[in-house]
């Protein structure tokens, strides 16, 4: 059932959804030993045999970040056609490149033990990282409102989260897919303050306009005169 909601300002903070590769075992191990953020999860799997799934844009850079937590990192190239420069970067950090498509994650006793390739090879790993894609959770709301979007489909916002459409703000991952929880919370606070200030400005402008349309009340004139005289008597 459709219903209409009327508001003077809108703050969109619906976040994003993670787009995971369609590899058997990935979704089941998501958040356990199939991880995404080296900063959020790296400490917990430090010094372990780690893997990084290629495919999504920026996967090589992701592997280089993961390398900070372990000297045993394998990059599963999958469909990636690595450049010579990327091969050199990975080699310089001791990251082993394994070619071939990944068939599945191998799990034993509810623990990741390896990555199996379609040719039957199994590379022992205890945790694997992937850089997921992001899908907006706004159901086309931002575009429908006319907000200007960047090439990745995210809204262009100023420092307070204001979009290109007056009265529409966006905060958190719906505006910045890289923002972590604390960053998103800060963005929401900044947007809320900006919205409140904008509403006060509008209310004052309307009040001033309403006041200009009617005579200044005599009672108010008297109150102002008494206030001024009172200040003078007390030396203010």
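A few notes on this one:
- Every condition in (1) touching a helix residue (DSSP H, G or I) at 6+ places or on another chain (Cβ under 6 Å); (2) closer than 24 Å to residue 65 by Cβ; (3) modelled with pLDDT of 95 or more holds for residue 131 except the one numbered (3).
- Filter pass, residue 67 being buried (at least 18 other Cβ atoms within 10 Å of the Cβ) and either touching a strand residue (DSSP E or B) at 6+ places or on another chain (Cβ under 9 Å) or not assigned by TED's automatic domain parsing to the domain that holds residue 111 (or both): yes
- Scanning the stretch 83-99 for residues that are out of contact with any helix residue (DSSP H, G or I) (no Cβ under 7 Å at 6 or more places or on another chain) and surrounded by 13 or more Cβ atoms within 10 Å (Cβ to Cβ) yields a total of 4.
- The stretch 177-187: number of residues that are crowded, with 17+ Cβ neighbours inside 10 Å and outside any loop (DSSP other than H, G, I, E, B): 2
- The conditions of being within 30 Å of residue 183 (Cα to Cα), touching a residue at least 24 places away in the same chain (Cβ under 8 Å), surrounded by fewer than 17 Cβ atoms within 10 Å (Cβ to Cβ) and not assigned by TED's automatic domain parsing to the domain that holds residue 177 are met by residue 46.
- Failed criterion for residue 140 (all others in (1) modelled with pLDDT under 95; (2) under 23 Å from residue 64 (Cα atoms); (3) exposed (fewer than 15 other Cβ atoms within 10 Å of the Cβ) hold): (2)
- Hey, residue 73 in contact with a helix residue (DSSP H, G or I) (Cβ under 9 Å, 6 or more places away or on another chain), within 20 Å of residue 29 (Cβ to Cβ) and surrounded by 17 or more Cβ atoms within 10 Å (Cβ to Cβ) or not: yes
- Selection from the stretch 1-56 of residues that are farther than 21 Å from residue 72 by Cβ and assigned to a strand (DSSP E or B): 10, 11, 12, 16, 17, 18, 19, 30
- Restricting attention to the stretch 188-236, the residues being in a loop (DSSP other than H, G, I, E, B) and modelled with pLDDT under 65 number 5.
The values are calculated or read from the model by the stated rules, or taken from the named source; none is laboratory data. Because the structure is a prediction, the values reported are computed rather than measured. Glycine gets a Cβ as well: all are built from the backbone with ideal geometry, and neighbour counts include every protein chain shown.
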